[in-house]
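First up is the structure itself, then whatever we jot down about it.
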Amino acid sequence: MYDFSYKRPTSLSDAAEMSEQAEDGSFLAGGMTLIPALKLRLASPSILIDLGGVQDLTGISQENNTLTVRAMTKHADVAVSSEVKNAIPALSEVAESIGDPQVRNRGTIGGSISNADPAADYPAALLGLGATVETNSRTIGSDDFFTGLFGTALNANELVVAVHFPIPKRAVYMKFPNPASRYAIVGVMVAECSDEIRVAVTGAGPSVFRVFEMEEALQKNFSPNSIQDMIVSADGLNEDMHASADYRAHLITVMAKRAVAKLI
Amino acid sequence: MIPVTLTLNGKVVSADIEPRTLLVQLIRDHFHLTGTHVGCDTSQCGACVVHVDGVSVKSCTMLAVQVDGAKVQTIESLADKERLHPMQQAFKDHHGLQCGFCTPGIIMSALNLIAKNPNPSESDIRDWLEGNLCRCTGYHNIVKAISAGAEAMKS
Ligand SMILES: Cc1cc2nc3c(=O)[nH]c(=O)nc-3n(C[C@H](O)[C@H](O)[C@H](O)COP(=O)(O)OP(=O)(O)OC[C@H]3O[C@@H](n4cnc5c(N)ncnc54)[C@H](O)[C@@H]3O)c2cc1C
Ligand code: FES
Ligand code: FES
């Protein structure tokens, strides 16, 4: 690991300002992705700005029909939160399915979505539930937030502050995990929101995406049968030592069907 | 160099360290507590698990500067002089180890489980051990030891 200098701001504005002044700074949240990347020298920032000391960046709250999870809230805390379990049990299951207990004790929702790993779980929850990302300067809808392989709409120096989830009528997350890391080979979130049905897929492509064809079919008839013949094209899907693109395409339908079956 | 002060196994200690120092390096190289092991150094194996403010973490994937002001507990904090902690005793009684390399991490991880769930089922224990690899035992006796340790900790 190359050396860097370390800063621990206590306010959002200080954190943003430090990042603006740094030539090559990086925010540090749970470190579950960033520290391994530093060790491999895949990342070599000159300054690490630790968000661990910033006030008001953790916590879960509900107002009317919206559940808010602040950026530094750990996966373990989302998994056990009774507020999350009552409002959106599927979100608690997403958090519980991530990695292992020690990763969940450190990793954060803000870090996970800013990193936008193609196999990460939270992106499916954000896109599937139609969440909104609040940053230190604006709000970004989940349909615009994830832009490609490890890509997000965040500008340099922009910070995720919280994620706002509209509470769905019902939702479920079905994941086919990599047996070693627990990252999603394919994970599908199916949600019946107030005015639409959403189907979001992680793990299969370079970035999380929706399957509009399935959404329309489920809107007409909410049954596994209505999507059973729909196979997402394998073109452009991920292909690696864990699974071929064809296998991933197949898994999308299987996981989506299981999700729908579980909901009815 | 940055100063850090933490409570390590109940004692307040300080050190001046480079920001890139890992927590496990602080524990092993600076404070010479070598019960915490480094198996993979890639966040996979759990040989380096310690507690920070009461929850289990992989000390190879945390910076030492991040524990400034925190309470850190390692495997060395468990035994009371010659008397093993009930969880350590259970590993001994149930042959929960062979080479022992993974054991400190597994015991620290298990104690976090028991704190959350004093009556874990076999599947709770197996799920919880997702972050700990053992290359020797096949896990069976580890699971038995954790169950027995959980029972013993009640008395
Ligand atoms: C063994 C292992 C298994 C795992 N398994 C899974 C799994 O099954 N599913 C899954 O989804 N994930 C998995 N992960 C990843 C884990 O969920 C991490 O928590 C996540 O990738 C990053 O979150 P973090 O808080 O650790 O962020 P960090 O590593 O601290 O940061 C990641 C990136 O995000 C940036 N960042 C962090 N916070 C913010 C913010 N608020 N605003 C802007 N930028 C920010 C950082 O600068 C950095 O570039 C696994 C990780 C490990 C080590
Ligand atoms: S040495 Fe830390 S997880 Fe393997
Ligand atoms: S006892 Fe040897 S690795 Fe577990």
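Applying both filters, DSSP loop and at most 13 other Cβ atoms within 10 Å, to the trypsin sites (Lys or Arg not before Pro) of the stretch A:1-101 gives A:Arg41. Legend: mean number of C-beta atoms from other chains within 10 angstrom of residue C-beta atoms, peptide B:52-58, equals 5.
In terms of its C-alpha gyration tensor, the protein assembly as shown has an oblate overall shape, because the principal axis ratio a/c (a ≥ b ≥ c, square roots of the eigenvalues) is not below 1.5 and a/b does not outweigh b/c.
For the stretch A:28-48, heavy-atom accessible area (probe 1.4 Å) falls by no less than 40 Å² from the chain alone to the full protein assembly at A:Met32, A:Ile35, A:Lys39.
Highest mean packing comes first when the peptides B:98-104, A:138-144 are listed by Cβ atoms within 10 Å, giving B:98-104, A:138-144.
Normalised by 2.2 N^0.38 Å, with N the number of residues, the alpha-carbon radius of gyration of the stretch A:100-225 equals 1.05.
Its relative contact order, with pairs defined as Cα atoms under 8 Å and 6+ residues apart, puts chain A at 15 percent.
Projecting each Cα onto the charge dipole of chain B (Lys/Arg +1, Asp/Glu -1 at the beta carbon, about the Cα centre), which of B:Cys99, B:Gly35, B:Gln73 comes out farthest on the positive side? Going by the charge dipole, the pick is B:Cys99.
What whole-number distance in Å separates the alpha-carbon centres of the stretch B:2-30 and the stretch A:22-96? The stretch B:2-30 and the stretch A:22-96 have Cα centres spaced 24 Å from each other.
Near A:Val232: Cβ cut-off under 10 Å, other residues only, Lys/Arg at +1 and Asp/Glu at -1. The net charge is -1.
Excluding ligands, DNA and RNA and using a 1.4 Å probe, chains B and A jointly bury around 2100 Å² of accessible surface, summed across both partners. In terms of its C-alpha gyration tensor, the stretch A:5-53 comes out oblate, because a/c is 1.5 or above while a/b does not outweigh b/c. Counting protein heavy atoms only, the protein assembly as shown has 48 percent of its accessible area on carbon and sulfur, 1.4 angstrom probe.
With the simple spin-label model, which puts each label point 7 Å out from Cα in the Cβ direction, the B:His140 to B:Lys92 separation comes to 2.4 nm.
For the stretch B:77-155, trypsin sites (Lys or Arg not before Pro) meeting the loop criterion (DSSP other than H, G, I, E, B) and having at most 16 other Cβ atoms within 10 Å: B:Lys81, B:Arg135, B:Lys154. Anything in chain B that counts as a DSSP H helix reaching 27 Å or more along its axis (C-alpha) with Kyte-Doolittle mean of at least 1.6? List them, would you? Both cut-offs are met by no helix. In whole percent, what relative contact order does the stretch B:86-154 give with Cα contacts below 8 Å and a gap of six or more residues? The value is 56 percent. Here the dipole of the stretch B:2-77 is about 140 debye; that uses its Cα centre as origin and unit charges on the Cβ of Lys and Arg (positive) and Asp and Glu (negative).
Legend: P(r) of the stretch A:152-244 from all alpha carbon pair distances, 5 Å bins from 0, whole percents, reading 3, 11, 18, 20, 18, 16, 10, 3, 1, 0.
Inter-label distance, A:Ser233 to B:His30: 5.5 nm, where each label sits 7 Å from its Cα along the C-beta direction. Remark on the stretch A:91-122: accessible area falls by at least 40 square angstrom from chain-alone to full-complex state for A:Asp100, A:Pro101, A:Gln102, A:Asn105, A:Arg106, probe 1.4 angstrom.
Between the Cα long axis of helix A:245-263 and the first principal axis of chain A there is an angle of about 80°, rounded to the nearest 10. Scalar couplings 3J(HN,Hα) for the stretch A:160-170, obtained by applying the Karplus form with A = 6.51, B = -1.76, C = 1.60 to θ = phi - 60°, are 6, 9, 6, 10, 9, 9, x, 7, x, 5, 7 Hz; x denotes Gly and Pro.
Inter-part distance, the stretch B:76-155 to the stretch A:208-264, computed on C-alpha centroids, equals 40 Å. With K and R counted +1 and D and E -1, the other residues having a Cβ less than 11 Å from that of B:Gln25 yield a net charge of -1. Among the trypsin sites (Lys or Arg not before Pro) in the stretch A:155-251, those placed in a DSSP loop whose Cβ has at most 12 other Cβ atoms within 10 Å are A:Lys169. When the charge dipole of chain A is built from unit charges on Cβ atoms (+1 for Lys and Arg, -1 for Asp and Glu) and taken about the Cα centre, the candidate among A:Gly99, A:Tyr122, A:Ala15 whose Cα reaches farthest toward its positive end is A:Gly99. Note that the protein assembly as shown presents 44 Å² accessible area per residue, ligands and nucleic acids not counted, probe 1.4 Å. On the basis of the beta-carbon distance and an R0 of 60 Å, A:Ser137 and B:Cys99 show a calculated FRET efficiency of 0.70.
Short-range pairs are left out: with C-alpha atoms under 8 Å and at least six residues apart, the relative contact order of the stretch A:128-253 is 19 percent.
The values are calculated or read from the model by the stated rules, or taken from the named source; none is laboratory data. Please read these numbers as outputs of a predicted model, since none were measured by experiment. Heads up, the Cβs are rebuilt from the backbone with ideal geometry, glycines too, and the neighbour counts pull from every protein chain shown. For accessibility, only protein heavy atoms count, side chains too; no ligands or nucleic acids. Shrake-Rupley method; radii C 1.70, N 1.55, O 1.52, S 1.80 Å.
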